[in-house]
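A short write-up of the structure that comes next.
The values are calculated or read from the model by the stated rules, or taken from the named source; none is laboratory data. The structure displayed is predicted, hence computed values, not measured ones. Cβ placement follows ideal geometry from the backbone for every residue including glycine, while neighbour counts extend to all protein chains displayed.
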Amino acid sequence: MKGLHLRVVENSLGWSRVLFATTRAFSGAVARNRARRHIREAYRLLKQDIQGHYDIAFVLYPGSHDFTDRQAQVEKLLHRAELLPSG
């Protein structure tokens, strides 16, 4: 998906770990930190629906995405990875 990639590996720790990484292509710290905050909040709103324990990595790419766009991206990627229940 343009703007955001997801990598998931199941773990046996009993809890999930999450990484929010940005590429060097961001033009500055403000844009990079805002994008990271948006993804973190979008994940926070959905994390209670995730069943199982995973190591999850979100890789963010620059673009003109607002919070609504980022939230839709996170939800779509988590559904595609079959981490969220369908419906």
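Numerical summary
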{"read-out": "Candidate set from region 67-87 (those that are free of Cβ contacts under 8 Å to residues at least 24 places away in the same chain and in a loop (DSSP other than H, G, I, E, B)); member that is surrounded by the most Cβ atoms within 10 Å (Cβ to Cβ)", "value": "82"}
{"read-out": "Options 66, 49; residue that is within 15 Å of residue 4 (Cα to Cα) and acidic (Asp, Glu)", "value": "66"}
{"read-out": "Lone qualifier among 56, 39 - being surrounded by 14 or more Cβ atoms within 10 Å (Cβ to Cβ), assigned to a helix (DSSP H, G or I) and of a type in the set (Val, Ile, Thr)", "value": "39"}
{"read-out": "Yes/no for residue 6 being modelled with pLDDT of 95 or more and buried (at least 17 other Cβ atoms within 10 Å of the Cβ)", "value": "yes"}
